[in-house]
Each structure stands twice: as C-alpha cells, then as structure tokens.
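J.: Please read through the structure below; I'll follow up with questions.
The values are calculated or read from the model by the stated rules, or taken from the named source; none is laboratory data. Nothing here was measured: the structure is a model prediction, and the numbers come from that model. Every residue, glycine among them, receives a Cβ derived from its backbone with ideal geometry; neighbour counts consider all protein chains shown. The area values use the complete protein model at the heavy-atom level, side chains included, leaving out ligands, DNA and RNA. Shrake-Rupley method; radii C 1.70, N 1.55, O 1.52, S 1.80 Å.
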Amino acid sequence: MHDANTLMGTVFSGLSALGPTAISSVGWQQTAVQYFLDLRAVTWLIILSWLETQRYAPTAALADAVARAAENARIAAQCQRDRPGKRHRSVAYTDPPTVPLAAAPVFGIAAQILAADYDATFAIFNPLISRARNTEPTMTHLQKPHHASAPLRLTLNHHRHDLWKKSRERLLRKHPGLVPMPPSRPVT
C-alpha cells in the first residue's frame, strides 16, 4: 500500500489548476470531475465490501476504524429498511464516512484501486462487487450515470470476465473519446 500522504497528494492534485488534465480511473483517462465521482462511488463499494477490502488498509488501527464505519452503515441501512411505510431513501452506504479516522483510509483505498490499469480492474473489482451484493443486493446507487463514469459503471455491472471484455468493446464504440491509460503498477 502506498503511504497515506502520497495517496492524498494524488487525490488532491486533481483539484489544483496545475493538476493533471487526465486522471486514471479504472484504467481510463477521466476528467477531475469524473474521477471524483468515481472516487466517491468506490468509497461506497469499499464500505459495502469491507471484509474483502480490509486487506488494503495501511494499518490495523485504520482497518478497525473503517470496520466500525462499515458496521454503522449496515445498521443504519437495516433501520431504513425496517421503517414502516413507504421506502425511504437511505444514505447509509451512499455517504462516505464522516469520521476522519475512517474517511482517510477509505479514500486512500479508493484512490489506490481506481489507479489500477484496465486489465487489472476485473480481478480487483469482481470480489468486491460480489461481497457488496451480499450486503446490498441491488447496488443501484452505484450504477447511475450521475454517480460514476461509464467505465466504472461497466465494471460494476459485469461479473463474468467474457461479458466484461465484450462490454469494453461496446464502450469504446459508444464513447470514442475514452482513452485507456497506460498500464501502471499492480495494486497489492
């Protein structure tokens, strides 16, 4: 795992006027705005799949802080489901952790897994998506266009590698402006 200062420097350099014009997100060049949407979407995925993503935490203390945030989100979501009457909008999983001790590692992990090249994304995201679907079966909030880039939505929607590869080809045809980022070092 990269150290926290390097990861946060990478994240916040996208906000700077002197920052990069394209940031890698699931192996594609994205604008800073799209990257930050993806960053937030992946924080949801991290919380939903914490048992699978905890190995990315830089320390045991930070992993414990995120585990508490994930458990609180699970309890809040269950309370929303248990409320009588019409279905109420739940933000239990859609809002990133507000406790800095949990938020920092979650955003750091999100930046780390978004930095993977396209060919590595299926291997990284597939177990996270499977775990997240066990927690929140629909995950519809992660699949809406205003919540994530087209490449990230494609990654979140496909569990079989062959379908994912075919969808990549359709994505390139549908969005000819998308440019793959060159391969980077693998996420550990």
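J.: Given the stretch 8-88, what helices (runs of 4 or more DSSP H) lie entirely inside it while holding 3 or more residues that are farther than 18 Å from I113 by Cβ and modelled with pLDDT of 80 or more?
T.: 60-82
J.: Same structure again: Return the pair list, or none, for Cβ contacts closer than 7 Å from residues in the stretch 106-132 that are of a type in the set (D, E, K, R) to residues that are at pLDDT 85 or above and open to solvent by 30 Å² or more (accessible area, probe 1.4 Å), at least 6 apart or on different chains.
T.: Hits for this filter: R131/L51; R131/E52.
J.: What is the residue count in the stretch 45-66 for residues that are over 14 Å from S149 (Cβ atoms) and crowded, with 17+ Cβ neighbours inside 10 Å?
T.: Here the count works out to 15.
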